[in-house]
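A short write-up of the structure that comes next.
The values are calculated or read from the model by the stated rules, or taken from the named source; none is laboratory data. The structure presented is a predicted model; accordingly, all values stated were derived computationally and were not measured. So basically every Cβ, Gly included, is an ideal-geometry build from the backbone, and we count neighbours across all protein chains shown. Surface accessibility is based on the protein's heavy atoms, side chains included, excluding ligands, DNA and RNA. Shrake-Rupley method; radii C 1.70, N 1.55, O 1.52, S 1.80 Å.
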Amino acid sequence: HVNKFVDVTIVHPTAPSHIAAARNQLKTAEDAAKNKCRKYQELAESNAGQIVPFAIESYGGSCKAAVDLINEIAVFASTHESAWSKEEIVANLKAAVAIAVQRGNAHAAVVGYRACSSFAA
């Protein structure tokens, strides 16, 4: 088994810096994943591992490497005494990630609202 170094990033495809890439579905997430691989490749290799970018768009889409990691975890867990099937594990992992992204989106919205309302006062 190879050590895996997972780096999570969430990108907002309609941010001004990503708007051109966002014309292609999941391009923002895939670009972020490539950037993470470039940034950490040497570190992962020097530690006998591989970098696994887990790039998610704020609207919920994820890069291929993130989907592959979820499937890999599900296969491993389902074949090692898990009470759940591979499909149940995948569904639950995707749900947990989706909830975390939405909580982050809600937090960003509340912080933005508070910042704007303090200017109006």
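In this structure the amide hydrogen of Gln50, modeled in the peptide plane, comes within under 5 Å of the amide hydrogens of Asn3, Lys4, Phe5, none closer than 5 places in sequence on its chain.
For Tyr113, Tyr40, the ranking by accessible surface with the largest value first comes to Tyr113, Tyr40, using a 1.4 Å probe. Using every pair of distinct Cα positions in the chain, the Kirkwood expression returns a hydrodynamic radius of 16.2 angstrom. Figure note: Arg23, Arg38 ranked by solvent-accessible area, largest first, 1.4 Å probe, ligands and nucleic acids not counted: Arg23, Arg38. Taking a ≥ b ≥ c as the square roots of the eigenvalues of the Cα gyration tensor, segment 49-106 is classed as oblate, since a/c reaches at least 1.5 and a/b does not exceed b/c. Residue by residue, segment 44-52 carries 3J(HN,Hα) couplings of 5, 5, 5, 10, 6, x, 9, 7, 10 Hz when phi is fed to the Karplus relation 6.51 cos²θ - 1.76 cosθ + 1.60 (θ = phi - 60°); x denotes Gly or Pro.
Positive end of the dipole of the chain, charges at C-beta (+1 Lys, Arg; -1 Asp, Glu), about the Cα centre: which of Ala20, Ile70, His1 has its Cα farthest in that direction? The residue sitting most towards the positive pole is Ala20. Rolling a 1.4 Å probe over the protein heavy atoms gives the chain an accessible area of 68 Å² per residue. Each helix, a run of at least 4 DSSP H residues, gives -39500 (n - 2.57); summed and divided by the residues of the chain, these come to -20500 deg cm²/dmol at 222 nm.
Ignoring ligands, DNA and RNA, how do Val97, Val11 rank by accessible area with a 1.4 Å probe, largest first? List each step's numbers first, then the result.
Details: Val97 40, Val11 20 Å².
Descending order: Val97, Val11.
Pairs to check: Lys39/Lys94; Lys27/Lys64; Lys4/Lys27; Lys39/Lys86. Give those whose C-alpha atoms are more than 21 Å from each other in this structure. As for pairs spanning more than 21 Å Cα to Cα, those are Lys39/Lys94; Lys4/Lys27; Lys39/Lys86. Sequentially through segment 72-89, phi angles give Karplus couplings (6.51, -1.76, 1.60; θ = phi - 60°) of 5, 4, 5, 5, 4, 5, 5, 9, 10, 6, 7, 7, 10, 7, 4, 5, 5, 5 Hz, Gly and Pro residues having no value and appearing as x. Computed over the chain, relative contact order equals 24 percent, with contacts defined as Cα pairs under 8 Å that lie 6+ residues apart. About the centre of its Cα atoms, the chain shows a dipole size close to 440 debye [charges on the beta carbon of Lys, Arg (+1) and Asp, Glu (-1) only; nearest 20 debye].
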